[in-house]
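Undergrad: Please see the structure below; I have some questions.
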Ligand code: G6P
């Protein structure tokens, strides 16, 4: 949800900014811009500001070799206020051009600020950010404040979420940084410093980072990092080393990250067994987490998008092994409509990025209530991880395609380890009998078999989904939950309107939408209690002209089924069953000539509510 990068003191600021923006493009890609200047104290520099609508590649085309300097800030945008257009792209400048600002977040009171402080100003665009930079300039000019004081005062007036990087053309050797709710991190280099929304975009330059907390302001020069709180106190903070692997964020020979990430899933399953079990197969989940869960009377899983679906896919397993009811909450709903809670709730925040603002606002309320919580995330040190009582990491490696795949399967597997650990602690028979390491190794092999049949899957669906405007996934029980995720994946990257439906519910209304050749993909895992009923529902749509593709676990397969998945333990069937649907979405998008990794209107990390 918008990416910010800044650097001061590096001889090649332009390239650092552009490389950083390329790595941040997953956060938004409707427009972008950079400001580059020379970081010499006492030298007033005009600097160069280049903006472009579209992708980072479009911006790159506009940047000539004459654009050079040793400091600068850059931004890739996901529009919230004002349509994607060059005049709404960041960086934004004050009327006199002195201040240059990039921003991620939403300034809720920007219209009031505009009216109260800036009624005489002319604005080029419609963004809340432009109001912020004008406000800083107005405070500096009218109240005679220096940049730091004007920025600080503006922060006390601004309501909402923000990550800001500000430059003053009269002090081009300084970047002023502040954050509230939106992610932002300092990178420490040798003779230069950086600021960025995500460590991943800085790992070419450094592995040494420093956190910024909400309501802090940082003054960054090439040699110094000074953290202030809003009261003006200097805050001291240790840096930390994060060894991220550069090869993890490359695409290698793959045409798209999504395909690479789908292919990585067997390795992720094996990795999780190494992390969450010892050499004897004993599960090694943090004792504090186990105790907190044992003491709880209900588990609440809060998440958004694909992570929300992973929560559903894990519900049965968690309930079976922990003997506790599991309730799911859509993060954006629960922030404002928290239902009545049980006496001893335990909250699990599922989030690939660990930054989703909707989930965070629920966590803030959970913390205010003094309730225990666990964040299950792929990103160590992310906001949700820092603010929850406990963290379990997904160990999936960076997920870069906007459509989430390996994080979904890793979430289910990680929660399976948690369920096994808690179930074992309470001596639940099923938990004790569940050999998770063995079962997960079978899942990994099953995924490998499915991946070896890509061409078959591609062939099965290419005609079916080439031009259709709509489609359905149906299933019962676990398969229904996978249907929800499968349809989201297809929608996100192929733009086919798709619904994931409880197979039995279809006939209660929605079957009216089935007409000649409507694609219906039926998921049938090996659950004899429901498989026959789902087949009945398949017959109902076939009778109305639907074109059906079945995805079936081998033990439940019959002649004529289309895509067969090797049978796995019923607790883990969602992991195995989702993989063909990821490939279906991938090939549908590919054959429609779309950008698989960067679908329109979306962003990978949604840091606004
Ligand atoms: C965005 C992404 C989705 C993702 C959701 C939740 O909407 O486009 O792919 O599932 O956020 O993200 P999280 O990082 O919290 O799992």
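The values are calculated or read from the model by the stated rules, or taken from the named source; none is laboratory data. As the structure is a computational prediction, the values presented were derived from the model and not from experiment. Here the Cβ positions follow ideal geometry from the backbone for every residue, glycine too, while neighbour counts run over all protein chains shown.
Undergrad: What's the number of the only condition in (1) at pLDDT 95 or above; (2) within 17 Å of the chain's Cα centre (by Cα); (3) not in a loop (DSSP other than H, G, I, E, B) that residue 403 fails to meet?
TA: Here residue 403 meets the rest and fails (3).
Undergrad: Further question on the same structure: Report yes if residue 341 is at pLDDT 95 or above and in contact with a helix residue (DSSP H, G or I) (Cβ under 7 Å, 6 or more places away or on another chain), otherwise no. Can you show your working first?
TA: On the way: at pLDDT 95 or above: yes; in contact with a helix residue (DSSP H, G or I) (Cβ under 7 Å, 6 or more places away or on another chain): no.
Against the criterion (at pLDDT 95 or above and in contact with a helix residue (DSSP H, G or I) (Cβ under 7 Å, 6 or more places away or on another chain)), residue 341 does not qualify.
Conditions (1) out of contact with any strand residue (DSSP E or B) (no Cβ under 6 Å at 6 or more places or on another chain); (2) more than 16 Å from the ligand (Cβ to nearest atom); (3) assigned to a loop (DSSP other than H, G, I, E, B), marked per residue:
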| residue | (1), (2), (3) |
| --- | --- |
| 534 | no, yes, no |
| 545 | yes, yes, yes |
| 548 | no, yes, no |
| 558 | yes, yes, yes |
| 575 | yes, yes, no |
| 585 | yes, no, no |
| 595 | yes, no, yes |
| 599 | yes, no, yes |
| 602 | yes, no, yes |
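Undergrad: Specify the residue that is modelled with the lowest pLDDT; the eligible residues are those in segment 370-381 that are within 20 Å of residue 309 (Cβ to Cβ) and part of a loop (DSSP other than H, G, I, E, B).
TA: 379
Undergrad: Out of the residues in segment 256-283 that are in a loop (DSSP other than H, G, I, E, B) and without any contact (Cβ under 8 Å) to a residue 40 or more places away in the chain, state the one that is surrounded by the most Cβ atoms within 10 Å (Cβ to Cβ).
TA: Among those residues, the one meeting the criterion is 282.
Undergrad: Tally the residues that are within 19 Å of residue 307 (Cβ to Cβ) and away from the ligand (no atom under 14 Å from the Cβ), restricting the search to segment 348-369.
TA: Total satisfying the criteria: 3.
Undergrad: So which residues in segment 73-106 are over 26 Å from residue 598 (Cα atoms) and touching a strand residue (DSSP E or B) at 6+ places or on another chain (Cβ under 9 Å), if there are any at all? Give the steps one after another, and end with the answer.
TA: The initial filter retains those residues of segment 73-106 that are over 26 Å from residue 598 (Cα atoms), namely 93-100.
Scanning segment 73-106 gives 93, 94, 97, 98, 99, 100.
Undergrad: Residue check, residue 336 against (1) modelled with pLDDT under 95; (2) surrounded by 18 or more Cβ atoms within 10 Å (Cβ to Cβ), all met but one. Which one?
TA: (2)
Undergrad: So, in segment 482-512, how many residues would count as being touching a strand residue (DSSP E or B) at 6+ places or on another chain (Cβ under 8 Å) and either more than 16 Å from the ligand (Cβ to nearest atom) or assigned to a helix (DSSP H, G or I) (or both)?
TA: Qualifying residue count for the region: 17.
Undergrad: Tell me, please, whether a residue that is farther than 17 Å from residue 12 by Cβ and either at pLDDT below 90 or not in a strand (DSSP E or B) (or both) can be found in segment 66-78.
TA: Checked segment 66-78: at least one residue is farther than 17 Å from residue 12 by Cβ and either at pLDDT below 90 or not in a strand (DSSP E or B) (or both).
Undergrad: So, residue 443, is that one assigned to a helix (DSSP H, G or I) and surrounded by 21 or more Cβ atoms within 10 Å (Cβ to Cβ) or not?
TA: Criteria met by residue 443.
Undergrad: Suppose we filter 393, 418 for residues that are under 15 Å from residue 353 (Cα atoms), outside the structural domain of residue 589 (by TED's automatic domain parsing) and either surrounded by fewer than 24 Cβ atoms within 10 Å (Cβ to Cβ) or touching a residue at least 40 places away in the same chain (Cβ under 8 Å) (or both); which single one remains?
TA: Result: 393 is the single residue among 393, 418 that is under 15 Å from residue 353 (Cα atoms), outside the structural domain of residue 589 (by TED's automatic domain parsing) and either surrounded by fewer than 24 Cβ atoms within 10 Å (Cβ to Cβ) or touching a residue at least 40 places away in the same chain (Cβ under 8 Å) (or both).
Undergrad: A follow-up question, please. What's the total number of residues in segment 493-532 that are within 22 Å of the chain's Cα centre (by Cα) and crowded, with 24+ Cβ neighbours inside 10 Å?
TA: Residues that pass the stated criteria total 4.
Undergrad: Now for a separate question. Just to be sure before I move on: is residue 293 closer than 12 Å to residue 345 by Cα and surrounded by 24 or more Cβ atoms within 10 Å (Cβ to Cβ) in the structure I sent?
TA: yes
Undergrad: Identify the single condition in (1) surrounded by fewer than 24 Cβ atoms within 10 Å (Cβ to Cβ); (2) modelled with pLDDT of 95 or more; (3) in a strand (DSSP E or B) that residue 167 does not satisfy, given that it satisfies every other one.
TA: With respect to (1) surrounded by fewer than 24 Cβ atoms within 10 Å (Cβ to Cβ); (2) modelled with pLDDT of 95 or more; (3) in a strand (DSSP E or B), residue 167 is out only on (1).
Undergrad: Assuming residue 463 fulfils every condition listed in (1) at pLDDT 95 or above; (2) outside the structural domain of residue 378 (by TED's automatic domain parsing); (3) surrounded by fewer than 18 Cβ atoms within 10 Å (Cβ to Cβ); (4) away from the ligand (no atom under 16 Å from the Cβ) apart from one, which condition is it?
TA: Among (1) at pLDDT 95 or above; (2) outside the structural domain of residue 378 (by TED's automatic domain parsing); (3) surrounded by fewer than 18 Cβ atoms within 10 Å (Cβ to Cβ); (4) away from the ligand (no atom under 16 Å from the Cβ), residue 463 violates only (1).
Undergrad: Against the condition on the phi > 0 side of the Ramachandran plot, surrounded by fewer than 21 Cβ atoms within 10 Å (Cβ to Cβ), in a loop (DSSP other than H, G, I, E, B) and in contact with a helix residue (DSSP H, G or I) (Cβ under 7 Å, 6 or more places away or on another chain), how does residue 82 come out, does it pass?
TA: yes
Undergrad: When segment 344-360 is examined, which residues are found to be over 30 Å from residue 243 (Cβ atoms) and modelled with pLDDT of 95 or more?
TA: If the condition is that a residue be over 30 Å from residue 243 (Cβ atoms) and modelled with pLDDT of 95 or more, then 344, 345, 346, 347 are the ones that fit.
Undergrad: Follow-up. Restricting to segment 335-376, what's the tally of residues that are on the phi > 0 side of the Ramachandran plot and touching a strand residue (DSSP E or B) at 6+ places or on another chain (Cβ under 8 Å)?
TA: Qualifying residue count, segment 335-376: 1.
Undergrad: If residue 282 satisfies every condition in (1) out of contact with any helix residue (DSSP H, G or I) (no Cβ under 9 Å at 6 or more places or on another chain); (2) assigned by TED's automatic domain parsing to the domain that holds residue 352 but one, which is the exception?
TA: (1)
Undergrad: In addition: Quickly run through segment 290-346 and pick out the residues that are away from the ligand (no atom under 14 Å from the Cβ), in a strand (DSSP E or B) and touching a residue at least 40 places away in the same chain (Cβ under 8 Å).
TA: 298, 299, 300, 345, 346
Undergrad: Restricting attention to segment 376-415, report how many residues are over 17 Å from residue 267 (Cβ atoms) and more than 10 Å from the ligand (Cβ to nearest atom).
TA: The first filter runs over segment 376-415 and keeps only residues over 17 Å from residue 267 (Cβ atoms), leaving 376-377, 379-392, 402-403, 415.
Filter once more, keeping what is more than 10 Å from the ligand (Cβ to nearest atom): 380-381, 383, 385-392, 415.
Total satisfying the criteria: 12.
Undergrad: Here is a follow-up. Could you tell me whether residue 229 is farther than 25 Å from residue 397 by Cα, surrounded by 17 or more Cβ atoms within 10 Å (Cβ to Cβ) and modelled with pLDDT under 95?
TA: no
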